[in-house]
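Working notes, structure below.
The values are calculated or read from the model by the stated rules, or taken from the named source; none is laboratory data. Remember, it's a predicted structure, so these values are computed and weren't measured experimentally. Ideal geometry is used to build each Cβ from the backbone, glycine not excepted, and the neighbour counts take in all protein chains shown.
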Amino acid sequence: MTKATFGLMEKARDELAKRFLNLKERRELTDDHAKPMHHDAQWAHIPEKFCRFDRHPGYEKMLVPQSAADRLGLVNPFFKSHDGVAGATTLIDGRTYINFSSYNYLGFSGHPKINKAAKDAIDRYGTSASASRLVAGERPVQRELEEALAELHDVEDCVVFVSGHATNVSTIGYIFGPKDLVIHDTLIHNSSLEGIKLSGAARRSFPHNDCAALDSILGDIRGQFERVLIIVEGLYSMDGDIPDLPRLIEIKTRHKAFLMVDEAHALGVLGKTGKGIREHCGVSGKSVDIWMGTLSKTLASCGGYIAGERALVQNLKYFAPGFVYSVGIAPPLAACALEAIKIMLDEPERVARLQERGAQFLVLAKEHGIDTGLSQGFAVTPAILKSSLRAVKVSSRMFESGINVQPIIYPAVEERAARLRFFICHAHTEAQLRIAVQTLASAH
């Protein structure tokens, strides 16, 4: 070992020793003179609301109407426990109620054939797909459902997600980006709004069902963006009206935009055989770029789907996070939705009766002077009460009278648009509709 090397080693040893002594002194100083600072002292300047869930603004906002309801002796209208199948009637706390808070439009939830399809799928495949379909593989019933949905919408292909809300969030969030524009009806569902946020695209809205305004906005700003997506609903779940689909198709074609139609409430309700707004309006399914729908309403299952051209579907299947990184639809859920489609097409009289009952309810409500807003009588009709408190009160009175109907209050809608929302099922009788309207008229 050279003298120079030895000198370097000595220097390194001395430096290490010095660091050790400094560390030891710091530790001794901490132990003897300054106990470790607790978070409440170190971060005393941070407000409590940032580290307690009971100070979260959402929770505090929830307490306000809850407290008001307690003072007025009103029954909490939310999270009621139903025992059994909920359709035209439901069982709550041992009492049977006429029920207007179910999307069981065609009576498929609880249908013997659909129950059997789900049970058979459990026997064959089990209760879960376990993982993403890219990882765990396909089950034939999953693809059979997608093929049936594609045929229903008259398009090339379809992909099924495990949640309707996540379908919109993941599809819009993945397909569109910061250089794009998404323009939507002002009454569009929250899931689309969340998807737009995720995408980073510019967002604009147009007045409800105002195609002229949409056309004008696109005429002014279309050239500023790469892709443009127009989003509407086939049947608006808050107001019960439908858009002018042929006009929307013309507008989207002229402005080189994509058109997305959310059929969550339209499937099974519109059209002679329940195929939705395209059947109702007599247009080709291929004239709409993106068909979205849910499985939890008419189809008596759980999940959502996107139907359209094969390029769109394949893109989503390989890259959309909500599909790639999420478990595939459970086989029994796929099986019961598939069976529901078959029965709907085989028994169009269910759709006809639903449409008849929806129209009857709207006529009765108007005859009793009830403000039904924009409803066209397609299974969804609101009773506009213009006050959240009033809506809760009327809902409570109707519940006491044996009628279950949910209030829709601020911030879900504007305060002046607070309402009760009636969902009509094909199994409702005309007598039940009359009782409900008469009770509402006397309660509000």
Filter region 321-372 down to the residues that are outside any helix (DSSP H, G or I), buried (at least 23 other Cβ atoms within 10 Å of the Cβ) and among the hydrophobic types (A, V, I, L, M, F, W, C) and list them by number. ILE329, ALA330
Being modelled with pLDDT of 95 or more, buried (at least 19 other Cβ atoms within 10 Å of the Cβ) and among the small types (Gly, Ala, Ser), is that true of even one residue in region 279-289? yes
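I'm checking my understanding of the structure. Among residues of region 355-407 that are of a type in the set (Val, Ile, Thr) and under 27 Å from the mean Cα position of the chain (by Cα), which one is nearest to LEU106 (Cα to Cα)?
The initial filter retains those residues of region 355-407 that are of a type in the set (Val, Ile, Thr), namely 363, 370, 372, 380-381, 384, 392, 394, 403, 405.
Restricting the remaining residues to those that are under 27 Å from the mean Cα position of the chain (by Cα) gives 372, 380-381, 384, 392, 394, 403, 405.
Numbers: THR372: 23, VAL380: 13, THR381: 17, ILE384: 25, VAL392: 28, VAL394: 27, ILE403: 20, VAL405: 18 Å.
Taking the candidates together, the pick is VAL380.
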Looking at region 153-177, which of its residues are more than 26 Å from GLY271 (Cα to Cα), small (Gly, Ala, Ser) and under 19 Å from the mean Cα position of the chain (by Cα)? ALA166, SER170, GLY173
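Within region 166-187, identify whether any single residue is in a helix (DSSP H, G or I), of a type in the set (Phe, Trp, Tyr), in contact (Cβ under 8 Å) with a residue 12 or more places away in the chain and buried (at least 17 other Cβ atoms within 10 Å of the Cβ), and answer yes or no. I'd like the intermediate steps shown before the answer.
Start the filter on region 166-187 by keeping residues that are in a helix (DSSP H, G or I), which leaves 166-175.
Right, trim to of a type in the set (Phe, Trp, Tyr) and you get 174.
After this cut, where a residue has to be in contact (Cβ under 8 Å) with a residue 12 or more places away in the chain as well, the list is 174.
If we keep only those that are buried (at least 17 other Cβ atoms within 10 Å of the Cβ) too, we end up with 174.
Yes, region 166-187 contains a residue that is in a helix (DSSP H, G or I), of a type in the set (Phe, Trp, Tyr), in contact (Cβ under 8 Å) with a residue 12 or more places away in the chain and buried (at least 17 other Cβ atoms within 10 Å of the Cβ).
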Please indicate, with yes or no, whether at least one residue in region 358-379 is farther than 30 Å from LYS116 by Cα, touching a residue at least 12 places away in the same chain (Cβ under 8 Å) and among the basic types (Lys, Arg). no
Considering only region 276-299, state which residues are more than 20 Å from the chain's Cα centre (by Cα) and either of a type in the set (Val, Ile, Thr) or within 22 Å of ARG353 (Cα to Cα) (or both). ARG278, GLU279, HIS280, CYS281, GLY282, VAL283, VAL288
Residue that is nearest to PRO243 (Cα to Cα), among those in region 380-391 that are crowded, with 19+ Cβ neighbours inside 10 Å and out of contact with any Leu (no Cβ under 6 Å at 6 or more places or on another chain): VAL380
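So which residues in region 78-111 are hydroxyl-bearing (Ser, Thr, Tyr) and within 20 Å of the chain's Cα centre (by Cα), if there are any at all?
From region 78-111, those hydroxyl-bearing (Ser, Thr, Tyr) are 81, 89-90, 96-97, 101-103, 105, 109; that's our starting set.
Within region 78-111, SER101, SER102, TYR103, TYR105, SER109 qualify.
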Counted residues, region 188-208 - those being outside any helix (DSSP H, G or I) and in contact (Cβ under 8 Å) with a residue 40 or more places away in the chain: 3
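Mind checking whether some residue in region 375-388 is farther than 27 Å from ALA121 by Cβ, modelled with pLDDT under 95 and not hydroxyl-bearing (Ser, Thr, Tyr)? Let's see the steps before the verdict.
Kept after step one, since they are farther than 27 Å from ALA121 by Cβ, are these residues of region 375-388: 375-388.
Remaining after also requiring modelled with pLDDT under 95: 386-388.
Pick out the ones that are also not hydroxyl-bearing (Ser, Thr, Tyr) and you get 386.
Taking every residue of region 375-388 in turn, at least one turns out to be farther than 27 Å from ALA121 by Cβ, modelled with pLDDT under 95 and not hydroxyl-bearing (Ser, Thr, Tyr).
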Just give me the residues in region 401-440 being touching a helix residue (DSSP H, G or I) at 6+ places or on another chain (Cβ under 9 Å), more than 23 Å from LEU354 (Cα to Cα) and assigned to a helix (DSSP H, G or I), in sequence order. GLU415
Index of the failed condition, PHE225 passing every other in (1) closer than 22 Å to TRP291 by Cβ; (2) surrounded by 15 or more Cβ atoms within 10 Å (Cβ to Cβ): (1)
Among the numbered criteria (1) over 20 Å from ASP157 (Cα atoms); (2) touching a residue at least 40 places away in the same chain (Cβ under 8 Å), which one does GLY282 miss? (2)
Taking region 244-275 as the region of interest, how many residues are more than 18 Å from the chain's Cα centre (by Cα) and acidic (Asp, Glu)? 2
